[in-house]
Amino acid sequence: MLEESENIWQSYLKHPFILGLANGNLDIKKFRFYLLQDYLYLFDYAKVFAHTLTKTDNKEIMSLCSFSINNILNGEMKIHKGYMSRMGITDDEVENVKLSLTNLSYTSYMLNVAEHGDETAGLAAILSCAISYEFIGKWIAKNYPDSVNHEFYGEWVSGYSGEEYASANRTLENLMNKLCENISDEKAKKLIDIFVICSEYEYKFWDMAWNME
């Protein structure tokens, strides 16, 4: 999957939004827009895990999905809420944020895949977001070592470059690899297509945040 999407992932590292996070020069208004859209995205992202959970009797998948739902709602969202508090964003403002067309298109695609596909389809849709954030976070931390200490964006970089986040991703990757050991070439292609499409949506999400649209 990563081989087929390598060019897309490398393009993340050249994106002005990512570079702004890395060097600390990102316009806070752009980050604010991103934060609100990503907060809304996470609700649907959690639902993708929920749909995937209902498609299986595999205890490993059920455990992973239930853990991930809790981690999203009570972990990742805490970071977002912390930023929102520091930026003076009220609950009323969050509730009245309009979902961008890019965000709506991306989450609708993921939910459709998870609802109508099997558990591997749901996991393929999930993987791109989960692992690409680690990829970006670690790249920033390695190439811009002072970024983790930035007074504002450091928490974001630290969160997605840290070992706790990476460990959860390895569990997700290992489970996906295990489930795909004996699948047909046709099914493998479908899963790769899902992963690549979600990778493309990830780039569009960064574009959306940069352009605030």
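Checked against the criteria, LEU53 does not count as modelled with pLDDT of 90 or more, surrounded by 15 or more Cβ atoms within 10 Å (Cβ to Cβ) and over 27 Å from CYS180 (Cα atoms).
Name the single residue that is nearest to ASN112 (Cα to Cα) among those in the range 158-213 being touching an Asp or Glu at 6+ places or on another chain (Cβ under 8 Å) and of a type in the set (S, T, N, Q). Only one residue tops the list, namely ASN169. Within the range 20-38, residues that are among the aromatic types (Phe, Trp, Tyr) have Cβ atoms under 8 Å from residues that are assigned to a loop (DSSP other than H, G, I, E, B) and crowded, with 21+ Cβ neighbours inside 10 Å in these pairs: PHE31/TYR153, counting only partners at least 6 apart in sequence or on another chain. All of ASN74, ASN103 fail the test of being crowded, with 20+ Cβ neighbours inside 10 Å, under 26 Å from SER161 (Cα atoms) and out of contact with any Ser or Thr (no Cβ under 8 Å at 6 or more places or on another chain), apart from ASN103.
Taken across the range 57-65, residues that are surrounded by fewer than 19 Cβ atoms within 10 Å (Cβ to Cβ), in contact with a helix residue (DSSP H, G or I) (Cβ under 8 Å, 6 or more places away or on another chain) and acidic (Asp, Glu) do occur, with at least one present.
Considering only helices (runs of 4 or more DSSP H) fully contained in the range 115-213, which possess at least 1 residues that are crowded, with 18+ Cβ neighbours inside 10 Å and over 16 Å from the mean Cα position of the chain (by Cα)?
119-143, 163-179, 185-211
Taking every residue in the range 132-154 that is of a type outside the set (A, V, I, L, M) and pairing it with any residue that is assigned to a loop (DSSP other than H, G, I, E, B) and surrounded by fewer than 12 Cβ atoms within 10 Å (Cβ to Cβ), at least 6 positions away or on another chain, yields no pair with a Cβ-Cβ distance below 9 Å.
The values are calculated or read from the model by the stated rules, or taken from the named source; none is laboratory data. This one's a predicted model, so the numbers in the text were calculated from it and none came from an experiment. Backbone-built Cβ (ideal geometry, glycine too); neighbour counts: all protein chains shown.
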